[in-house]
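Quick notes on the structure that follows.
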Amino acid sequence: MKPNVINALLLIILSALALCAQERPAADLIVTNAKIYTVDKNQPKAEAVAVLGERIVGVGTSAAMDAWRGPETRMIDAGGKLLLPGFNDAHLHFISGGLQLDSVKLNDAGSPEEFARRIAERAKITRRGEWILGGDWDETKWNPAQLPTRDLIDSIAPKTPVFVGRYDGHMALANSLALKLAGITSKTPDPAGGVILRDPQGNPTGILKDAAMDLMFKVIPPPSHQRRLRAAKRALAYAASLGVTSIQDMNPEYADVQVYSELADLGQLTTRIYAAPLITGWHDQAKIGVRRAFGSPFLRIGGVKAYADGSLGSSTAYFFQPYTDDPQNRGLLSSEMQPLNAMRERIMKSDDAALQICTHAIGDEAISITLDLYSDVLKAHGPADRRWRIEHAQHMAAKDFDRFAQLKVIASVQPYHAIDDGRWAEKRIGSERIKTTYAFRTFLDHNVRLAFGTDWDVAPLNPLLTIYAAVTRATLDGKNPDGWLPEQKLKLPEAVEAYTMGSAYAEFQDAVKGSITPGKLADMVILSDDIFTIDPKLIRNVTVERTIVGGKVVFEKTPGQ
Ligand SMILES: [Zn+2]
């Protein structure tokens with residue numbers, strides 16, 4: 001090479017280097033000294049991550065990431081702790097959860113006096129027109145263990161209707177004002193399947209059992225905008241404390257989405273939300289041209305949630321064969337499925353509008369029919385990237401795993417339900433069907449994509465409990481310490497993948513989140529312990545040290561917490 005050519009080359013290289021040095025801005029945040037499990041196969045492990053704005057710009061060694069450091073860069077030393085992509089809960093009910101957090105807590109009220117005191121306190125901060133709900137009281141903790149009556153609370157909340165439930169959901173206590181609003185008097189007959197408890201004079205004591213509670217539910221007004229807003233804020237703070245950086249809200253009411261939109265505008269969403277309202281209202285989204293996963297990084301719509309059947313707990317999940325413990329009963333298809341043509345039409349139209357379809361299906365026949373419907377759409381409309389989902393997908397017919405995979409349906413599952421239902425499921429459906437129940441391993445073996453969620457507030461929101469459930473399958477009653485149907489256990493990397501990339505894929509966001517990868521949104525969580533090295537039984541005790549969403553710390557454990 002002639003010297004002038006070398007000079008020219010050198011000049012180019014030098015100016016390129018200068019350009020690099022000049023153009024690389026400093027990071028806003030660098031997390032160093034972490035044990036990073038990236039969920040990115042190209043670079044599975046790292047020590048440090050650099051964030052610019054809301055995105056990850058670098059992942060590597062602490063020394064390499066130091067090159068991103070500038071005078072304004074916030075440095076977080078993770079103290080060698082485990083850093084994961086933030087958890088993405090693919091199925092929950094966010095406002096219900098928030099309302100529950102925001103309601104009066106009576107479960108640990110150890111006496112009638114304490115019970116009354118808590119309701120009195122709540123009455124003071126309850127706005128006019130709002131009800132005091134929630135509760136979960138348990139009179140067996142009192143001495144003597146007597147059911148409460150309206151007399152206990154009438155004088156302390158005379159202007160606030162009160163209807164607080166027993167922890168088992170089978171009875172609730174109303175005050176006199178609530179009884180009056182519901183029109184329940186000494187003359188009201190007990191409804192079928194319910195009891196209005198009465199005193200010796202025949203007057204209602206305030207306790208309503210089972211179907212009698214419906215008389216009250218009919219008159220309780222839907223939550224006000226303010227109440228929803230408060231619930232959303234409680235839920236957001238709670239999600240942040242648990243490392244949940246994205247949620248997928250199933251069948252929210254439109255008023256809930258309105259609250260999210262308001263919070264997004266104010267920059268107060270600390271968890272990213274994908275909302276899938278009921279499919280019966282598919283036209284509302286379709287008519288303005290909203291398509292699957294439409295919106296901003298913080299708030300998106302464009303999904304629809306359908307119901308194919310009921311639940312195993314209430315013996316309404318729809319099976320090919322009768323319940324083992326109830327030979328006359330195969331469960332129930334939902335009202336949306338009757339007639340089936342109405343459901344087919346809704347699904348076809350939703351697909352025409354490019355809305356994503358998420359169908360609740362629990363029993364094997366309900367799942368099978370849902371797959372039939374999806375396959376009808378495929379035949380009619382041809383292939384596309386639809387990411388159809390079946391929510392719960394609990395009890396699979398063995399023949400349907402292949403179809404599930406061929407149709408590229410995502411199994412949106414909640415492993416906590418497995419360790420809960422695992423206590424009694426076999427009595428309901430027998431030893432054969434149980435083999436393909438909560439069959440997470442079989443799904444993966446068939447190359448079905450899994451997305452993890454909790455179904456909060458039906459089950460706890462804590463992702464570590466869900467991961468614990470998926471890897472141990474140890475039922476809540478302690479009777480299966482080595483796992484209930486242990487062959488269906490997942491390995492920890494599979495569980496983490498399902499909770500991050502799997503859930504991101506299920507909401508069309510795998511290109512922008514779900515792993516610690518340069519270019520992706522900086523959503524991450526630092527845990528108290530390394531779940532990859534501790535005894536899996538201890539995973540449920542692991543807590544969150546820090547939660548980061550879009551490069552901002554949204555939760556930080558305070559000392560002593
Ligand atoms: Zn649900």
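To one decimal place, what orientation-averaged projected area in nm² is obtained for the convex hull of the Cα set of the stretch 130-243?
That works out to 9.0 nm², a quarter of the Cα hull's surface.
Could you go through the stretch 95-110 in sequence order and give the Karplus-derived ³J(HN,Hα) for each residue, using 6.51 cos²θ - 1.76 cosθ + 1.60 with θ = phi - 60°, rounded to whole Hz, and x for Gly and Pro?
6, 4, x, x, 5, 5, 4, 8, 9, 5, 10, 10, 4, 9, 6, x
Please report the net charge: other residues with Cβ closer than 13 Å to the Cβ of GLY502, K and R +1, D and E -1.
Value of the local net charge: -1.
Explain nothing, just the number: dipole magnitude of the stretch 33-160 about its Cα centre with +1 on each Lys and Arg Cβ and -1 on each Asp and Glu Cβ, in debye rounded to the nearest 20.
The calculation lands at about 260 debye.
Can you tally the net charge around LEU333? Count Lys and Arg as +1, Asp and Glu as -1, for every other residue whose Cβ sits under 12 Å from the Cβ of LEU333.
-2
Based on the mean of other Cβ atoms within 10 Å per residue, sort peptides 297-303, 471-477, 182-188 so the most packed one is first.
297-303, 471-477, 182-188
For ARG198, enumerate residues with amide H under 5 Å from its amide H, sequence gap 5+ or separate chain, H modeled in the peptide plane.
THR205
What nm distance separates the two modelled labels at ASP372 and ASP199, each placed 7 Å from Cα along Cα→Cβ?
The two pseudo-label positions are separated by 5.7 nm.
For the stretch 276-387, what is the Kirkwood hydrodynamic radius in Å, using each pair of distinct C-alpha atoms?
In the stretch 276-387 this quantity evaluates to 14.8 Å.
Please give me the summed charge of the neighbours of ALA231: other residues whose Cβ is under 10 Å from its Cβ, Lys and Arg +1, Asp and Glu -1.
Taking every Cβ under 10 Å from that of ALA231, the sum is +3.
In the stretch 123-249, if the dipole is taken from +1 on Lys/Arg beta carbons and -1 on Asp/Glu beta carbons about the Cα centre, which of ALA174, ILE125, PRO221 is farthest to the positive end?
The residue sitting most towards the positive pole is ILE125.
Give me the distance between the Cα centres of the stretch 347-406 and the stretch 260-276, rounded to whole Å.
Each part's Cα centre sits 29 Å from the other's.
Going by Cα centres, the stretch 72-106 and the stretch 521-561 are how many Å apart?
Spelled out, the Cα-based centre of one part sits 9 Å from the other.
List the residues whose amide H sits under 5 Å from the amide H of VAL59, counting only those 5 or more places along or on another chain, with H placed 1.01 Å from N in the peptide plane.
Correct list: ALA50.
Could you pull the Rg and Dmax for the chain, using just the Cα atoms, both in Å?
When restricted to the Cα atoms of the chain, Rg and Dmax are 26.5, 113 Å.
Rounded to the nearest 500 deg cm²/dmol, what is the calculated helix-only ellipticity per residue at 222 nm for the chain, with -39500 (n - 2.57) per DSSP H run of length n ≥ 4?
Mean residue ellipticity, 222 nm, calculated: -9000 deg cm²/dmol.
Nearest 5 is fine: what % of DSSP beta bridges in the chain come out antiparallel, could you say?
50
What aspartates and glutamates sit close enough to LYS218 to cross-link, taking a C-alpha to C-alpha distance under 19 Å and skipping anything fewer than 8 places away on the same chain?
Counting by Cα, and skipping residues close in sequence, LYS218 has these aspartates and glutamates nearby: GLU130, ASP190, ASP210, GLU253.
Please tell me which of these pairs span more than 22 angstrom C-alpha to C-alpha: LYS81/LYS489; LYS81/LYS557; LYS35/LYS408?
Check vs 22 Å cut-off fails for LYS81/LYS489; LYS35/LYS408.
Post the alpha-carbon centroid distance, the stretch 28-57 to the stretch 116-134, in whole angstrom.
46
Over the stretch 324-474, what is the relative contact order in percent, taking alpha-carbon pairs closer than 8 angstrom and at least six residues apart?
Dividing the mean separation by the residue count of the stretch 324-474 yields 22 percent.
Please give the per residue volume of the convex hull enclosing the alpha carbon atoms of the stretch 449-561, rounded to a whole number of Å³.
Given the Cα convex hull of the stretch 449-561, per-residue volume reads 133 Å³.
To the nearest 20 debye, what is the magnitude of the charge dipole of the stretch 228-346 about its Cα centre, counting +1 on the Cβ of each Lys and Arg and -1 on the Cβ of each Asp and Glu?
That gives the stretch 228-346 a dipole magnitude of about 400 debye.
With an 8 Å cut-off on Cα pairs and a minimum separation of 6 or more residues, tell me the relative contact order of the chain in percent.
16
Taking every alpha carbon pair in the stretch 31-135, what does the distance histogram look like in 10 angstrom bins from 0, in percent?
Spelled out bin by bin, the stretch 31-135 gives 12, 28, 14, 15, 21, 11, 0 percent.
What pairs in LYS427/LYS479; LYS41/LYS520; LYS45/LYS491; LYS124/LYS180 have C-alpha atoms more than 19 Å from each other?
Violating the 19 Å Cα-Cα cut-off are LYS124/LYS180.
Taking 7 Å along the Cα-to-C-beta vector as the label spot, tell me the ASP190-ASP265 distance in nanometres, rounded to one decimal.
Each label point is offset 7 Å from its Cα along the Cβ direction, giving 5.1 nm.
Can you tell me, using C-alpha contacts under 8 Å and at least 6 residues apart, the relative contact order of the stretch 417-561 as a whole percent?
The normalised contact order for the stretch 417-561 reaches 20 percent.
Reachable lysines from LYS141, Cα under 16 Å, same-chain residues fewer than 8 places away excluded?
LYS105
By per-residue mean of other Cβ atoms within 10 Å, what is the highest-first order of 82-95, 133-146, 47-60?
Ranking the peptides 82-95, 133-146, 47-60 by packing returns 82-95, 47-60, 133-146.
With +1 on each Lys and Arg Cβ and -1 on each Asp and Glu Cβ, how big is the dipole of the chain about its Cα centre, in debye rounded to the nearest 20?
Dipole magnitude for the chain comes out near 880 debye.
For ARG272, enumerate residues with amide H under 5 Å from its amide H, sequence gap 5+ or separate chain, H modeled in the peptide plane.
SER246, ILE247
Every number in this text was worked out from the coordinates using simple rules, so none of it is lab data. Please read all numbers here as calculations on a predicted model, not as lab measurements. Ideal geometry is used to build each Cβ from the backbone, glycine not excepted, and the neighbour counts take in all protein chains shown.
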